[in-house]
Each structure stands twice: as structure tokens, then as C-alpha cells.
Amino acid sequence: MDKSSTQLAILFADVCGSTQLYEQYGDDIARADMAACLEMLGNVSKGLGGTTLKTIGDEIMCAFDDPIKAALAAAEMQAGLKKCSDAGDFQMGALHIKIGWHWGNISWRGDEVLGEAPVTAQQIINRAKADEILTSKASIDQLPPALFQNIHMIDRIEAEAWEGNLDVCKIPWEQSGEETQISSIPMSQFVSK
């Protein structure tokens, strides 16, 4: 990751209900499945040019220098986890994640990323539910309209990183009704190589 960057997309992905999973299946099984899940999420991030900044228990924090890649990674993480769960890759059965991300200003303190982007991404993921991808309207404004035609604002809250409001948007990633599964769109249309 280029530490001269002043803007990044910060993405948090959090495994839902992990406390109950540890209680139900025990530490060994839960730890093994969490590690496999976080490794898969990290591989998706890396495959789209992202960097895993840290993992914290059942959560991964990734950074992208391109908001398009962050959006695509979020969709691929959800689709990839569903595929792994459907294939029976986890001893605990189906795992679910929630994702929150934001494109914004950052600063570096050593290897730690500080500033608007991580604070806002954390605020957004705190609003997310299982199987959701949430982001800010400001982040959506950085994406080509063709990439996400069915996004919709779900909330307006007071921003923690600036004075004023934070518009939180939900990004559909799975086909249901007329929504398009974005992970099926050829990435070459949107990602420069």
C-alpha cells in the first residue's frame, strides 16, 4: 500500500453472530472456520488490488486505492462466502458477513490508517445487517452509474468524521427480482489494469 495516499476506500467485513457460533460449536471449530473465512475475504481483497490492514477477531479491515475495486470486492466477498457456505466448506454451516466501506481522506501513523475513511466505514458497518453491503452516498458518487443501478439510500445519520449528515446506501449484490448481481458484471469494464 502506497503510504503517500491521501484517499483510500476502507472496507470492514464482519462475520455475523460469531459469539453464538463460538458458544455453539466450541473454540476449536469456530476458530478454524473464522480463520478460513477471513483468509477467503483477504484473498478476495488481494485479488482486486486491496491490502488487508488487520484482522480483529471476526472482522477484517481492507484498503483499496480505487473505490470501484472496493465495491467489487464487497460484492465478491458476499458471493464468495455464500458459495463456500453452500458448498459445505465450514464445519459450522453457513456463515454470514456484513460489510461497510467508505472512500475518503486518510492519514498514516506508522502502519495504521486514520482519518475520515476508517471512522466513516466503521460507522457504516455498525448499521449493517447480515448479508448486507452498505456504503456512503459520497462513495457511490465515485462509481460509474452502470456499475450500481439499484443502490438506494437507507438512512441519514449524523456523521462522526465531519459536521453534517452521512447518507448510508445499500448496494444489492445478489439477484432478486430486478436487481443485478454485480459480481457477474465483467470487471474489465470498470477496472483499469
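The values are calculated or read from the model by the stated rules, or taken from the named source; none is laboratory data. The structure presented is a predicted model; accordingly, all values stated were derived computationally and were not measured. Please note: Cβ atoms are built from the backbone with ideal geometry, for glycine as well, and neighbour counts cover all protein chains shown. The protein model used for the area step is the full one, side chains on, heavy atoms only, and it has no ligands, DNA or RNA in it. Shrake-Rupley method; radii C 1.70, N 1.55, O 1.52, S 1.80 Å.
Sort 130-143, 75-88 for me by packing, meaning the mean count of neighbouring Cβ atoms within 10 Å per residue, highest on top. Intermediate results must be reported in sequence, preceding the final value.
Working: 130-143: 20.1, 75-88: 17.6.
Ranked from most to least packed, the peptides come out as 130-143, 75-88.
Pairing the Cα long axis of helix 116-125 with the longest principal axis of the chain, what angle in degrees results, from 0 to 90 and rounded to the nearest 10?
That helix lies at roughly 40 degrees to the long axis.
Got a sec? Which residues in the stretch 119-139 would a label at Gln20 touch, if it sits 7 Å along Cα→Cβ and we count backbone N under 16 Å?
Within reach of a label on Gln20: 129-132.
Taking 10 °C and 1.306 mPa s as the conditions, I'd like the Stokes-Einstein D for the stretch 21-93 in µm²/s, using the Kirkwood hydrodynamic radius from alpha carbon pairs. Please report the intermediate quantities before stating the final value.
Details: Rh = 12.8 Å.
Once the numbers are plugged in, D ends up at 124 µm²/s.
Please check: in the Gaussian network model of the chain (C-alpha springs, under 10 Å), which one of Glu116, Glu39, Glu158 has the largest mean-square fluctuation.
Maximum among the listed residues: Glu158.
Give me the accessible area per residue for the chain, probe 1.4 Å, as a whole number in Å².
49 Å²
Among Pro145, Pro118, Pro172, determine the one that fluctuates most according to a GNM of the chain built with springs between C-alpha atoms less than 10 Å apart.
Among Pro145, Pro118, Pro172, the largest GNM mean-square fluctuation belongs to Pro145.
Report, to the nearest whole %, how much of the accessible area of the chain belongs to carbon and sulfur atoms, 1.4 Å probe, protein only. Please report the intermediate quantities before stating the final value.
Numbers: 4250 of 9480 Å².
Answer for the chain: carbon and sulfur cover 45 percent of the accessible area.
Once Lys and Arg get +1 and Asp and Glu get -1 on their Cβ, which of Gln20, Ile60, Ile97 lies farthest toward the positive end of the dipole of the stretch 1-109?
Selected residue: Ile60.
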